[in-house]
Amino acid sequence: MATYAISDIHGNWKRYKAFRRTLGFDDRVYVIGDVIDKGKDGIDILVDMINDGRFIILMGSHEHLMHSYLKAARNGDWDVASCYEDLWLSANGGNDTYGQYCSLSSHLKAQIDGLFENMLDIIPDVIVNGRHFCLVHSAPGRHDGRKALNDERIVIAGHAAMLHHGRPGEIRFNADRIEDATYIGIDGGCAYGSKGTSMIALRLDDLTPFYFSD
């Protein structure tokens with residue numbers, strides 16, 4: 001059994017499926033948000049994850065936008081829905097996601113809605129091989145070697161694409177060696193398309209990163 005953390009797939013079915021093919025039957029995968037938007041297959045990926053018991057999905061910024069819009073629309077709060085519609089569909093690449101969602105059966109829509117209602121924002125303490133991890137979609141990165149938290153937990157986060165921090169598509173961390181890091185960022189820039197980006201899977205058992213590119 002292995003334990004992985006992934007983040008910021010952004011609807012890239014090809015990279016997601018390439019990673020999924022590497023999984024063992026009893027592996028566990030923590031998905032640290034932003035499965036959807038930008039790419040066109042986010043809903044298909046979410047449905048696949050829901051039907052596969054190996055995936056534990058946390059709320060990302062894009063899931064928050066979608067959930068907020070759908071919830072406001074269901075409640076008839078059109079002022080709020082309109083704000084989130086502009087922010088999600090127009091500004092953050094949600095059009096394909098929304099189109100996919102609207103084409104789902106009522107059963108699958110209910111599955112997605114239920115997933116959003118019960119999503120966690122953070123898993124504060126996951127223990128793998130004696131290491132303690134705090135898993136969260138967005139967290140301030142500490143690049144000077146100091147602790148990200150006031151204890152021994154290692155923060156694993158996505159949200160901040162590698163395109164803006166060093167070499168594109170690569171993992172980043174706040175130490176000379178990943179084994180000494182207290183903050184590890186695993187957003188490989190899928191939101192920005194194919195060139196120079198990747199989907200990163202970090203195996204928490206031994207802190208080995210795996211890269212999935214086109």
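The values are calculated or read from the model by the stated rules, or taken from the named source; none is laboratory data. None of these values were measured; they are calculated from a predicted model. Counting neighbours? That spans all protein chains shown, and the Cβs are built from the backbone with ideal geometry, glycine included. Ligands, DNA and RNA are excluded from the accessible area calculation, which covers all protein heavy atoms including side chains. Shrake-Rupley method; radii C 1.70, N 1.55, O 1.52, S 1.80 Å.
When a 1.4 Å probe is rolled over the protein heavy atoms, the share of accessible surface on the stretch 36-108 that falls to carbon and sulfur comes to 50 percent.
When the C-alpha to C-alpha distance is required to be over 23 Å, the pairs from Lys71/Lys109; Lys17/Lys71; Lys14/Lys71 that qualify are Lys17/Lys71; Lys14/Lys71.
Summed over qualifying helices (DSSP H, 4 residues or more, each -39500 (n - 2.57)) and divided by its residue number, the chain shows a 222 nm mean residue ellipticity of -8000 deg cm²/dmol. Backbone geometry of the stretch 43-55 corresponds, through the Karplus equation with coefficients 6.51, -1.76 and 1.60 at θ = phi - 60°, to 3J(HN,Hα) couplings of 5, 4, 5, 4, 4, 4, 5, 4, 8, 10, x, 7, 9 Hz, x marking Gly and Pro. Scanning residues 5 or more positions from Ile154 or on other chains, those with amide H under 5 Å from its amide H are His132, Phe133, Cys134, with H placed 1.01 Å from N in the peptide plane. Across the stretch 11-21, coupling constants 3J(HN,Hα) worked out from phi with the 6.51/-1.76/1.60 Karplus curve, θ = phi - 60°, read x, 8, 4, 4, 5, 4, 5, 4, 5, 4, 5 Hz, and Gly and Pro carry x. Database remark: amide H of Thr208 closer than 5 angstrom to the amide H of Arg203 (H placed geometrically; neighbours at sequence offset of 5 or more, or on other chains; Pro and chain starts carry no H).
Applying the Karplus relation 6.51 cos²θ - 1.76 cosθ + 1.60 with θ = phi - 60° to the stretch 113-123 yields 3J(HN,Hα) values of 4, x, 4, 4, 4, 10, 5, 8, 7, 7, 10 Hz, where x marks Gly and Pro. Compared with the alpha-carbon gap, the fully stretched path from Ser90 to Lys71 is longer by 5.0 nm at 0.36 nm per residue. Taking label points 7 Å from Cα along the Cα-to-Cβ direction, Asp52 and His132 give a separation of 3.1 nm.
I want to verify the translational diffusion coefficient of the chain in µm²/s; compute it with Stokes-Einstein, Rh as the Kirkwood radius over Cα pairs, at 20 °C and 1.002 mPa s. Present the calculation step by step, with values, prior to reporting the outcome.
Working: Rh = 17.5 Å.
Result for D is 123 µm²/s.
With all protein chains kept in place, the per residue accessible area of the chain amounts to 47 square angstrom at a probe of 1.4 angstrom. Between Ser103 and Glu179, the contour length at 0.36 nm per residue exceeds the Cα-Cα span by 22.9 nm.
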